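Trainee: The structure's right below; bear with me while I get my questions together.
The values are calculated or read from the model by the stated rules, or taken from the named source; none is laboratory data. Source: prediction; values computed, not measured. Cβ sites come from the backbone with ideal geometry, for glycine too, and all protein chains shown count toward neighbours.
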Amino acid sequence: MDRSFALIRPGGHHAFKDHGHGFCFTNNTSIMIKKALKKYDLDRVLLWDWDAHHFDGTQSIFYENKNVLTISTHQDGRTLFPGTGSIEENGKGKGRGYNMNIPLKPGSSDKAYLEVTEKILKPAAASFKPDLLVIQAGQDNHYTDPLTDLDLTAKGYARLMKKAVETAKKHCNSKTVSILGGGYGIEGGLPYTNLAVIAAMAKLDTSNIREPKKYEKPDLSKKLTETRRLINKIKQEHPFKFR
Ligand SMILES: [Zn+2]
């Protein structure tokens, strides 16, 4: 099997090595990555945590580790729990440069995420050459989510996962493990986003993925100016990843 989606909860990305935090008691994603590195004798794992919240626990666990490139896209910490996740938090010691934070403004929506995927995730993967791609698939970016304001659509999620699948095909023989993270629109976005990402992972047709009907759709026509500015700043923080 090349690609798998673990429909379990939680991924646990707020849990630290020695204490729980923010709905998370144990950091299941980090435990899985450490186990995979050892059991399968891997050199490099790329984790993309696309949950709306910053992965503070996961970041702390791998902060000095150069074998795990940790990338978090999340809603800017000045507007959402846990408040961390600035672009300057980029690793320490041997792990310097191997932690990347991409704090996005509320309302960023599909276009901004796709731009980040093209301009950050893909070149970073090309430089890092992972053996395994892990996705902490937080579905709480959807526009119906009651806790967050990032305004992604289910179709947008399908497109993100397609990009992830392409990236894994190119760099790690398609080896991908995705683990469900947050997602609090239980009767809203969650079933739609889960269907979207699972279909995209299975390479099924996603053209009929739709949005929940009774919610107002976000404005998808916003300009990318702020996101592009952020991407340029991140590239300066991580120069060797983008040569
Ligand atoms: Zn979350």
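Trainee: Could you count how many residues in the range 176-222 are assigned to a helix (DSSP H, G or I) and either surrounded by fewer than 21 Cβ atoms within 10 Å (Cβ to Cβ) or at pLDDT below 90 (or both)?
Mentor: Counting residues in the range 176-222 that are assigned to a helix (DSSP H, G or I) and either surrounded by fewer than 21 Cβ atoms within 10 Å (Cβ to Cβ) or at pLDDT below 90 (or both) gives 5.
Trainee: If you don't mind, there's one more thing I want to ask. Of all residues in the range 29-60, count the ones that are away from the ligand (no atom under 16 Å from the Cβ) and either polar (S, T, N, Q) or surrounded by fewer than 22 Cβ atoms within 10 Å (Cβ to Cβ) (or both).
Mentor: Step one: filter the range 29-60 for residues away from the ligand (no atom under 16 Å from the Cβ), giving 31-46, 60.
Next, from what is left, pick out any that are either polar (S, T, N, Q) or surrounded by fewer than 22 Cβ atoms within 10 Å (Cβ to Cβ) (or both): 31-32, 34-44, 60.
Within the range 29-60, residues that are away from the ligand (no atom under 16 Å from the Cβ) and either polar (S, T, N, Q) or surrounded by fewer than 22 Cβ atoms within 10 Å (Cβ to Cβ) (or both) number 14.
Trainee: Across the range 63-75, what is the number of residues that are buried (at least 20 other Cβ atoms within 10 Å of the Cβ) and farther than 19 Å from Ala164 by Cβ?
Mentor: 2
Trainee: Only residues that are over 21 Å from Tyr192 (Cα atoms) and polar (S, T, N, Q): list them for the range 1-52, please.
Mentor: Thr26, Asn27, Asn28, Thr29, Ser30
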